[in-house]
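Bear in mind these aren't lab numbers, they're just calculated from the coordinates by the rules spelled out. A quick note: this is a predicted structure, and the numbers were derived from the prediction, not measured. Virtual Cβ from ideal backbone geometry, glycine too; neighbours counted across all protein chains shown.
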Amino acid sequence: MNISVVGGGPAGLLAAVKLAEAGFKVTIYEEHNKIGFPEHCTGIVRHDFFNVIGYKELGSLILASYSGGVIKSDCLKNDVFIDTNKIKAIMMDRPAYESALADYAVNAGAKLMLKKKAVILRKYKKCSVFVENHRIESDLVIGARGPKANPNLRVIPGLQAHVNLITKVDPNLVYLVFSKKIRGFFGWAAPYKEGEYAKIGLASNSHNLKRDLNSIGVSLPMDYRLKSYFGGLVVVGGVAKANIVGNYIPLGDEAGQTKPITGGGLDTGALCALKLTEDIGRGDLTFRNYMNWWHQLKSSLLVAELVGKNVFNTPSSLKGWAFKKLLAKPFVPSILRESDFDDHVDAIKRLAITYLTTLFSF
């Protein structure tokens, strides 16, 4: 089977690796001249991410491990601190991760075509890839081009910065910032390399992201020296209308396989790539197992989107008060400790049920 993967991001590359290792003829088309760049995200994933995708040796790319966080809000007198006493997430070196996947794919026999901007063309229910005035026919076309390829997604711009920390901070805590200056989302600071460096960022509908990012930095309990900016679009809602059309399958951000509450897509994109390639490897081109699993995930993402809309559109003062009240409950750390880092809806349900149970118990 001849398979074209359009987009050399994390989801597309992982699918390409798995398919090439299974013996399929795979070609990856990437519009940029270097895998992993430009850099887009912080790179935070579940703690066992590399075990889940089947490449434990990539654990050497872990930059930090997190067991808790600090919530800051401009309407709270004091920060809200929470620690699960259990590693729940890690920060990876995302450019190095993508580069490693590209090497794995090439070593397994895949072709990597850099600086090749590919367009997916559809005629009836048959899709082909158009590159440099050439039409390339494939048995299967996997679209992993990012959020710009899906007009059904709801996105907002994000901006981040690499910084050197002048004074070290606790490397096991992520800072979340909710402010009136951040419209429609939140800000964050994630230290790494034993608290010597950090990535600070925000996603917002503001017209001046650099100004707002600098204002967030002032409110953080860390002195730093700016190194460089990076960023991109953050998906906060929406999914693909058609999951599979003929021989075309969207994957990763292109399919809306992103957590709306955090905008993170590395975990969900990877899980979808694994499920999809398992079906292809078995010769199931109806993608039955993948589609059943994706429909369940999509329902969860839609619920998360609804929750996110309500949370992010809530007035800052009310939001800060609610965070303080909820996180002060004694059952919260245990629920967060046992919850799946990637399943926000399950964690929200458990928190809500437990809270209501304690509220109305006599």
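Give me a comma-separated list of calculated 3J(HN,Hα) values for region 202-218, in order, Karplus coefficients 6.51, -1.76, 1.60 applied at θ = phi - 60°, integers in Hz, x for any Gly or Pro.
Values, residue by residue: 7, 10, 7, 8, 5, 8, 9, 5, 4, 4, 5, 5, 5, 5, 5, x, 5 Hz.
Each label point is 7 Å from the Cα along the Cα-to-Cβ direction; what then is the distance between the points at LYS180 and ALA328, in nm?
2.3 nm
Excluding same-chain residues fewer than 8 positions from LYS56, which lysines have a Cα within less than 19 Å of its Cα?
Hits, sequence-local ones excluded: LYS18, LYS88, LYS275.
Rounded to the nearest 500, what is the 222 nm mean residue ellipticity of the chain from helices alone, with -39500 (n - 2.57) per DSSP H run of 4+ residues and division by all residues?
Value at 222 nm, helices only: -10500 deg cm²/dmol.
Once the convex hull of the alpha carbons of region 250-355 is built, what does its volume come to per residue, in cubic angstrom?
105 Å³
Roughly how large, in nm² to one decimal, is the mean projection of the convex hull of the alpha-carbon atoms in region 269-318?
Directional mean of the projected Cα hull area for region 269-318 stands at 4.1 nm².
Taking loop as defined by DSSP and a crowding limit of 14 other beta carbons within 10 Å, which trypsin sites (Lys or Arg not before Pro) in region 31-108 fit?
Passing both the DSSP loop test and the Cβ count: LYS34, LYS77, LYS86.
Over the Cα atoms, compute the radius of gyration (one decimal) and Dmax (the largest Cα-Cα distance, rounded to a whole number) for the chain, in Å.
Radius of gyration, then largest Cα-Cα span, for the chain: 20.9, 73 Å.
Using the crude model of +1 on Lys and Arg Cβ and -1 on Asp and Glu Cβ, and no other charge, please compute the dipole size for the chain relative to its Cα centre, in debye to 20.
For the chain, the charge dipole is close to 1040 debye.
Among the aspartates and glutamates, which fall within straight-line cross-link reach of LYS125, defined as a Cα-Cα distance under 20 Å, with same-chain neighbours fewer than 8 residues apart omitted?
Cross-link targets: GLU137, ASP139, GLU254, ASP284.
Within region 125-216, report the GluC sites (Glu not before Pro) that DSSP leaves as loop and that have at most 10 other Cβ atoms within 10 Å.
Those that pass, being in a loop and sparsely packed, are GLU132.
Enter the Cα centre distance for the pair region 278-339 and region 118-186, rounded to the nearest angstrom.
19 Å
Which one of GLY232, SER215, ALA96 is farthest out on the positive end of the charge dipole of region 92-234, using unit charges on Cβ (Lys, Arg +1; Asp, Glu -1) and the Cα centre as origin?
Value: GLY232.
Using DSSP to call loops (not H, G, I, E or B), can you name the trypsin sites (Lys or Arg not before Pro) in region 226-314 whose Cβ has at most 12 other Cβ atoms within 10 angstrom?
Passing both the DSSP loop test and the Cβ count: LYS241, ARG282.
Count the net charge of all other residues whose Cβ sits under 11 Å from the Cβ of ILE335, scoring Lys and Arg as +1 and Asp and Glu as -1.
Spelling it out: positives minus negatives among the neighbours equals +2.
For region 301-308, take each phi angle, set θ = phi - 60°, evaluate the Karplus expression 6.51 cos²θ - 1.76 cosθ + 1.60, and give the result in whole Hz per residue in order, putting x for glycine and proline.
Per residue, the Karplus-derived 3J(HN,Hα) values read 5, 5, 5, 4, 5, 5, 4, x Hz.
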